[in-house]
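Here the structure is laid out as structure tokens; the discussion comes afterwards.
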Amino acid sequence: MKYSILFFIGISMFWGSCTPTIAKNDTSTTGDAQIVDSELPWSERLALSVIHQHPDVWTTENDIKPEWNYKIGLLMTAFEQLYDYTGKQKYHDYIKGYADLIIDENGVVTGYEMNTYNIDKVNSGKFVHTLYEKTGDERYLTVIQTLREQLKNHPRTNAGGFWHKKIYPYQMWLDGLYMGTPFYVRYTQEFEDGAGYDDIVHQFDEIQRHHVDEPTGLLYHAWDESKAMDWADKTTGQSPGFWARSLGWYAMAIVDVLDYLPADHPGHQRLISYLNDLSVAIVKVQDPSTGLWYNVPDRPDSEGNYLEASSSCMFVYALLKGVRKGYLPARYKADAKKAYDGITEHLIDVEDNGLVHVTQICKSAGLGGNPYRDGSYEYYISEPIKTDNLHGLGPFIMASIEREQI
């Protein structure tokens, strides 16, 4: 009997030691009972999956404490659009619950420090702006005024383009246009009588001046005015190659800024022309089989490249919104619909209980820093590939809303 007990304990310890560790952002089945109704549209199916798995918004980032984060801001912007689309209070409550956790009674934001001059930190101001509009809560006004103050003092290139971050001097990244300009244009429309319109359009003009690759029409991820970075071309200052999500950020920035930039402003038609030029370029590198885009979009046949979810969702959103708003020709609707079908067929997993997951999301990518990111093809494909990373969740909801409106 003693040996039997010892054998049982030994076997139990062996199997316990072999239990796999679940990586962050991995998902697991929570049972067969239906949690999310498969008859709902995809936008709500994913949103309800997120709420079920993360009742507290801040945990979507797997942080150990609540933080002010551009990726959560992206997700909250998607929920904001979903609330406007459906009118369902639960989506508004999800946003407000996070805001009221992260913003104290004086309008001070947990984890935000203006003096870092990180343009990513401005992105979350968009959903706070909406909360102020809906509630009149002065705390929210304080937050968006603080973010506007950051932009007033944010360091710039010699020609007036916002640096991506203080720690990345004289650099403009495509990502930064999405992080800063949609917030800026809405604020200046509502509080400054449009005084910042010219400055906002100028940000896009600078990107077009320095980032465009004329042969392909694609835009390089970043540009270093000083040409001091090792990744920067010593003649042009451009980073070495193209990254799909950075192009997605830029496309979304254009269509979202156009929501607030008056049609009679001289820059309005310029931004539409930039969107049209970009749309031509991205459709040329769309995978003809699936309708999706590769992580490095101009090298589909290179070893290690893969069809990437966040950029594909961003392109669908920008193309469909562009068509809906009249910025793009109607022919792009077919390209976007093919891409959206490719996303749901190849990049979405659904559990038996109805929970929805977005797969094949590039976790993150940047330039410089420590460890050093050199902007090479090998670098972009080396970044981890995740499921349910926030870079993909928010854009899938946003793309789904646009698709469902057709």
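Bear in mind that the values in this text are calculations on the coordinates, not laboratory data. Since the model is a prediction, treat every value here as computed from it, not as a measurement. Cβ placement follows ideal geometry from the backbone for every residue including glycine, while neighbour counts extend to all protein chains displayed.
With unit charges on the beta carbon (Lys/Arg positive, Asp/Glu negative), name the residue among TYR260, LEU141, LEU320 whose Cα is farthest towards the positive pole of the charge dipole of the chain.
Highest projection toward the positive end goes to LEU320.
Between helix 266-284 and the chain, what is the angle of the helix's C-alpha long axis to the longest principal axis, kept within 0 to 90° and rounded to the nearest 10?
Long axis of 266-284 versus the principal axis of the chain: about 50 degrees.
From the Cα gyration tensor of the range 270-370, with a ≥ b ≥ c the square roots of its eigenvalues, which class applies: rounded if a/c is under 1.5, or else prolate if a/b is larger than b/c, or else oblate?
oblate
Name the most mobile residue of ARG324, ARG209, ARG270, meaning the one with the largest mean-square fluctuation, in a Gaussian network model of the chain with Cα contacts below 10 Å.
Answer for the Gaussian network model of the chain: ARG209.
Might you report the magnitude of the Cβ-based charge dipole of the range 51-174 about its Cα centre, with Lys and Arg at +1 and Asp and Glu at -1, to the nearest 20 debye?
The dipole of the range 51-174 has a size of about 480 debye.
Looking at this model, which pairs from LYS234/LYS363; LYS88/LYS338; LYS71/LYS121; LYS152/LYS234 are more than 19 angstrom apart at the alpha-carbon?
Exceeds cut-off: LYS234/LYS363; LYS88/LYS338; LYS152/LYS234.
Cut-off is 10 Å between beta-carbons; in what order do THR146, THR77 appear when sorted fewest neighbours first?
THR146, THR77
Treating cross-link reach as a plain straight distance, find the lysines whose alpha-carbon is under 22 Å from the alpha-carbon of LYS333, omitting any fewer than eight places away in the same chain.
Those lysines meeting the cut-off are LYS284, LYS321, LYS325.
Mind checking the log10 I(q)/I(0) for the range 184-298 at q = 0.12, 0.18, 0.19, 0.22 Å⁻¹? Debye, one equal scatterer per Cα, no solvent, two decimals.
Results for the range 184-298 at q = 0.12, 0.18, 0.19, 0.22 Å⁻¹ read -0.49, -0.96, -1.02, -1.18.
Might you report the magnitude of the Cβ-based charge dipole of the chain about its Cα centre, with Lys and Arg at +1 and Asp and Glu at -1, to the nearest 20 debye?
Charge dipole of the chain: 200 debye, to the nearest 20.
Fewest first, what order do TRP223, TRP293 take by the number of other Cβ atoms within 10 Å?
In increasing order of surrounding Cβ atoms, one gets TRP223, TRP293.
Helix 138-153 versus the longest principal axis of the chain: what angle, 0 to 90°, nearest 10, using Cα atoms?
The angle comes out at about 60 degrees.
Helix 70-86 versus the longest principal axis of the chain: what is the Cα-based angle in degrees, 0 to 90, to the nearest 10?
90 degrees
Which of ILE64, ILE102 comes first, and how do the rest follow, when ranked by fewest Cβ neighbours within 10 Å?
ILE64, ILE102
Over the Cα atoms of the range 319-406, what radius of gyration and what Dmax do you get, in Å?
Spelled out, the Cα radius of gyration and Dmax of the range 319-406 are 16.1, 45 Å.
Only helical DSSP H runs with n ≥ 4 go in: add -39500 (n - 2.57) per run for the chain, normalise by residue count and round the 222 nm mean residue ellipticity to 500 deg cm²/dmol.
That comes out to -16500 deg cm²/dmol.
Two-decimal Rg/Rh of the range 43-404 from alpha-carbon positions, Kirkwood Rh?
Ratio value, two decimals: 0.93.
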